[in-house]
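Read the structure below first, then the notes.
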Amino acid sequence: MNNNILEINSGGVINILAGSSTGAAGNSNGPDSSATFYLPNSVALDAAGNVYVSDGVNDLIRKISPNGVVSTLAGSGTSGAIDGTGTTASFDGPAGLAIDALGNVYVADANNNEIRKITPAGVVTTIAGTGYPGQKNGTALARRNTKALRRITKHRFNVFYRRRSN
């Protein structure tokens, strides 16, 4: 592991976008070549050209500006599941990232079993998940769009079972 964020240009050449040339692990912010990461595992790009990084072991969500400056968007650096703003929030093993058209960042907070949302102002909220492993479909939908859910569940469908003969 080299703990860097790499980019591949149109010619197929790989360059370090951010991270130290030695690949040393850390959580330093600053200009691209002096910033450090610790097992970054996911990146996403917004419409303004900012690159967001899920910094896995550091439990941080980092932002690389178009001019190459790395900063912490959210996370205290200590494992947890606290909603808050900026560094008052905490994550535990953040993994996948996605960004919507409004600039909200969505984080798969893997070890917390939650989906977290970070607004452009850095406000972190939990939008799905109970914090416990497992699956239960429909909980988030039920809170967000109960009319559509009721409409769907009013229909009754016949279910036929076929017995196997031995």
(message) I want the local charge near Y38. Using Cβ-Cβ distances under 13 Å, sum +1 for each Lys or Arg and -1 for each Asp or Glu among the other residues.
(response) -1
(message) Two decimals, Cα atoms only, Kirkwood Rh: what is Rg/Rh over segment 1-141?
(response) 0.98
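No lab work stands behind these numbers, since they all come straight from the coordinates. None of these values were measured; they are calculated from a predicted model. Glycine also receives a Cβ, built like all others from the backbone with ideal geometry; neighbour counts cover every protein chain displayed.
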